[in-house]
């Protein structure tokens, strides 16, 4: 396994620098209600309509742990091949802000619910293992809205108290591409598990990115900067590029890097200092006395373990073994749970005499192109898996040609029509009767006697002309294989 | 009946059930006396008109199957009450009207009791004399310009002064037992987890407990029976089998082993207190119980431990009072300025002092030396009790190291004020139940209390011991109505 091709290095004169990246991903737990209250968590609701007395921190209100969120965190831990801690503790992280009603965030500091684990990334030049440091549960804050009024800030507490999983990686990532692969894989695992919808536009997945640089070959870590709250893969990659180059420039100029928290300005494509280490908050963490330590039994964990669905790595292996897909094809099909589901449904509907290769080509080719074009998720596909399976079977059993199939597919897009019916109604059925084709070819040869002679004398190129004429005469429906066979015979 | 307000809760219930008294008559009597007792400053908020209406409604359609049928009562203003202003004795909540009810008060109304009003207390329950309240000092009915103790000072004053037949307070480090002791009344701090904290303005979450305050042990037992319920809304509420404390109350304590901890003989303890304790030992012996000398070796660390743990939790619990969502807000140039002005103007000196202490002991670099160390000591204190309870059923101590002091006497000396809690804080740190009963008077005629500490969840046992001792002591509170004349 050579890593040379994808090695991401920053070059300056005679020096080469390696970039070291660690991520703290904040993933919103997929749950109907919040971590410590019964308020709803639906995205996009009217401001302050999903706020309980607990979320707004009214006097005397107390948090009560949502067991479902605990299960979600443990399931995610299992999906990350991580150690599940049977005892974890909720701490208070104290700081003042207008959208933090309690004046503290309930989080887990010393004793998180999930310990060390790992994720396998499929990089173009092979697999890469990325360590997971920990996963802990915490509350989200509300949202301050500064741009609705020139004088006032408005606060929306709908998000206040929503459960987040903070997933901290080890500093194992070395390039923007690896960061992209890591986020995608993490997102994929959580979507398979149903523990986070991974919707980055809605803020369900965002990350703090820790970046440092060091001379290639060095074992020591450089001073790191943390880029806060980046909410798309593209921005993460841009931020890393910028930040790594900034740090390298400082080193090249003989200056030192300050450990600090930085913000990524997406418009200017640069990172800016937010606060230095000296200004860092003293969060005064201490165990939340309103909550007892969270204790889960082996039985509780095993119950969850036994109900973990097939995850991307296993599914990929099965697709290769069972369906004889190439690793490349399998990787594409398992990368998202909905794509995998769609593919497996197509496979199931194709029945016994199935053409796996053809199915894969149609999904990753025509279907993906349409989805891309219309900006749709596969779950919103205008063509159902069932109808795509029928279409593939129609090609496989010779009812229609691949070319006609494209016409049929285009017609299917409008209202997920049954391809069988389209073929019948439009009379697109392939002509596979050898006698009819023979008659048709005889007529063409007869009409183009001179060209037939030229062919026989060695002008091989003319074969295509005859195929085209035969196709044209059949209205495109004649079985191209039969045309080939019969033409060859007749022109001998 | 002109002496309605002198009757005990048990007598009032009996008289209402037997229709010798209507709820309206009883409610009116307590309202009348409360109206005449403004000098005590026991109330922060009165709800008399509404109370009378509720009493009339009760009389029209009485339900005698409840435990507190038609009984009026006022409660400490730390319990959130729906649609009734709840201040916690603070300016910062001066205008706060909850839309919800605390579990403990809900339990009380569900048993047919009627709210008279909200009683004065130290600001956020931080104090031992009721002098830190934004709404002014409370007078002790025992004597003019005498503190009633704190933080449930308004509650103690109202029970002793017969402004309410019973009440509930909260106890974080002695806030029920110390004022009970100062006013010649009975106060129980239940086991941590016995009464729900839901809807009680939090001071120190790992120590706070609501509890009953009454004229006698039986009334106290009945009220405890009503307020103690398992509540899923409080994660620290404990689901244990609760007794019918008043029905199961018994004065038979023969053969009980009562521990006498030598560490409670503190330096400089007045001889009167020492004598009272000896008298108490004799009383329990007279009841057929046996006393055993025990040791609680870490007692001397209890007070410093308490004054780290409680302020630490308070500094965080009180962070929500920031002027953003409810309560008092001062105008500021920007967010930080608004926070600073709101909290500087909204909190009193003692609350600010404790927030400062709490913030300090939790800050990085000091956490291990203070908060973490205090948690370890707290565990040792609990271990002391566990060890002792291998040999004894309960422990007898004085409730306080002195009788009630003068208003203003200790306001400039916080440490001397804190020392008042020396016998009560270990009980909170260990999460145990403790009851203070009046047991005698000092040379000035001020009441003195004895404390009985029990095993966790063993409220019945300490109520029984208190009940037996109460009979033997035959304490009479000297209430002269000085504030009415």
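Residue A:223 - would you say it is over 27 Å from the mean Cα position of the chain (by Cα), at negative phi and away from chain B (no Cβ under 14 Å)? I'd like the intermediate steps shown before the answer.
Values: over 27 Å from the mean Cα position of the chain (by Cα): yes; at negative phi: yes; away from chain B (no Cβ under 14 Å): yes.
The answer is yes for residue A:223.
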### Query
Are any residues in region A:143-184 more than 26 Å from the chain's Cα centre (by Cα) and surrounded by fewer than 17 Cβ atoms within 10 Å (Cβ to Cβ), and if so, which ones?
A:143, A:144, A:145, A:146, A:147, A:148, A:149, A:150, A:151, A:152, A:153, A:154
### Among residues of region A:423-453, those that are touching a helix residue (DSSP H, G or I) at 6+ places or on another chain (Cβ under 6 Å) and farther than 30 Å from residue A:409 by Cβ, counted
4
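Every residue, every condition in (1) in contact with a helix residue (DSSP H, G or I) (Cβ under 8 Å, 6 or more places away or on another chain); (2) in a strand (DSSP E or B), yes or no:
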site	(1), (2)
A:188	yes, no
A:200	yes, no
A:206	no, yes
A:222	yes, no
A:234	no, no
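Please state which one of A:78, A:106 is within 14 Å of chain B (Cβ to nearest Cβ) and modelled with pLDDT of 95 or more. It would help to see each step written out before you state the result.
On the way: A:78 fails: within 14 Å of chain B (Cβ to nearest Cβ).
When all the criteria are applied, what remains is A:106.
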### Query
Any residue at all in region B:306-328 that is at the interface with chain A (Cβ under 9 Å from one of its Cβ atoms), surrounded by fewer than 19 Cβ atoms within 10 Å (Cβ to Cβ) and not in a helix (DSSP H, G or I)?
yes
#### Entry: Failed item, numbered, when residue B:105 is tested on (1) away from chain A (no Cβ under 12 Å); (2) under 24 Å from residue B:32 (Cα atoms); (3) assigned to a helix (DSSP H, G or I)
(1)
### Query
So which of B:76, B:67, B:91 is surrounded by 24 or more Cβ atoms within 10 Å (Cβ to Cβ) and away from every other protein chain (no Cβ under 11 Å)?
B:76
### Every residue from region A:246-281 that is out of contact with any helix residue (DSSP H, G or I) (no Cβ under 9 Å at 6 or more places or on another chain), over 30 Å from residue B:315 (Cα atoms) and surrounded by 14 or more Cβ atoms within 10 Å (Cβ to Cβ)
A:246, A:247, A:248, A:250, A:251, A:263
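With the requirement that a residue be within 14 Å of chain B (Cβ to nearest Cβ) and surrounded by 18 or more Cβ atoms within 10 Å (Cβ to Cβ), what does region A:282-305 give you?
Pass one, region A:282-305, residues within 14 Å of chain B (Cβ to nearest Cβ): A:282-295.
Listed by number, the residues that qualify are A:283, A:284, A:285, A:286, A:287, A:288, A:289, A:290, A:291, A:294.
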### Query
Given A:320, A:332, A:308, which one is farther than 23 Å from residue A:123 by Cα, under 23 Å from the mean Cα position of the chain (by Cα) and more than 14 Å from every other protein chain (Cβ to nearest Cβ)?
A:308
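Any residue that is part of a strand (DSSP E or B) and either in contact (Cβ under 8 Å) with a residue 12 or more places away in the chain or more than 30 Å from residue B:192 (Cα to Cα) (or both) - is there at least one of those in region A:288-308? Don't jump to the end; show me each part of the working.
Start the filter on region A:288-308 by keeping residues that are part of a strand (DSSP E or B), which leaves A:294-295.
Okay, now just the ones that are also either in contact (Cβ under 8 Å) with a residue 12 or more places away in the chain or more than 30 Å from residue B:192 (Cα to Cα) (or both), so A:294-295.
Checking region A:288-308: at least one residue is part of a strand (DSSP E or B) and either in contact (Cβ under 8 Å) with a residue 12 or more places away in the chain or more than 30 Å from residue B:192 (Cα to Cα) (or both).
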### Summary
Over region B:348-365, the set of residues touching a helix residue (DSSP H, G or I) at 6+ places or on another chain (Cβ under 6 Å) and either over 19 Å from residue B:89 (Cβ atoms) or in a helix (DSSP H, G or I) (or both) is B:351, B:354, B:355, B:357, B:358, B:359, B:361, B:362
### Query
Of the conditions (1) farther than 30 Å from residue B:84 by Cβ; (2) surrounded by fewer than 20 Cβ atoms within 10 Å (Cβ to Cβ); (3) facing chain B (nearest Cβ under 10 Å), residue A:94 fails just one. Which one is it?
(2)
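Take residue A:20 and tell me if it is in a strand (DSSP E or B) and either touching a strand residue (DSSP E or B) at 6+ places or on another chain (Cβ under 8 Å) or under 27 Å from residue B:335 (Cα atoms) (or both). It would help to see each step written out before you state the result.
On the way: in a strand (DSSP E or B): yes; either touching a strand residue (DSSP E or B) at 6+ places or on another chain (Cβ under 8 Å) or under 27 Å from residue B:335 (Cα atoms) (or both): yes.
When the stated conditions are applied, residue A:20 passes them.
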### Query
Considering region A:447-492 alone, what residues qualify as being under 49 Å from the mean Cα position of the chain (by Cα), on the phi > 0 side of the Ramachandran plot and either without any contact (Cβ under 8 Å) to a residue 40 or more places away in the chain or part of a helix (DSSP H, G or I) (or both)?
A:475
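Which one of these is surrounded by fewer than 17 Cβ atoms within 10 Å (Cβ to Cβ) and in contact with a helix residue (DSSP H, G or I) (Cβ under 6 Å, 6 or more places away or on another chain): B:38, B:56? Explain how you work it out, then say what you get.
Working: B:38 fails: in contact with a helix residue (DSSP H, G or I) (Cβ under 6 Å, 6 or more places away or on another chain).
Among B:38, B:56, only B:56 is surrounded by fewer than 17 Cβ atoms within 10 Å (Cβ to Cβ) and in contact with a helix residue (DSSP H, G or I) (Cβ under 6 Å, 6 or more places away or on another chain).
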### Query
Tell me, which residue of region A:28-73 that is in contact with a helix residue (DSSP H, G or I) (Cβ under 7 Å, 6 or more places away or on another chain) and farther than 23 Å from residue A:289 by Cα is surrounded by the most Cβ atoms within 10 Å (Cβ to Cβ)?
A:29
### Query
Quick one: would you say residue A:468 is out of contact with any helix residue (DSSP H, G or I) (no Cβ under 9 Å at 6 or more places or on another chain) and assigned by TED's automatic domain parsing to the domain that holds residue A:349?
no
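The values are calculated or read from the model by the stated rules, or taken from the named source; none is laboratory data. If you're wondering where the values come from, they're calculated on a predicted model, not measured in any experiment. Heads up, the Cβs are rebuilt from the backbone with ideal geometry, glycines too, and the neighbour counts pull from every protein chain shown.
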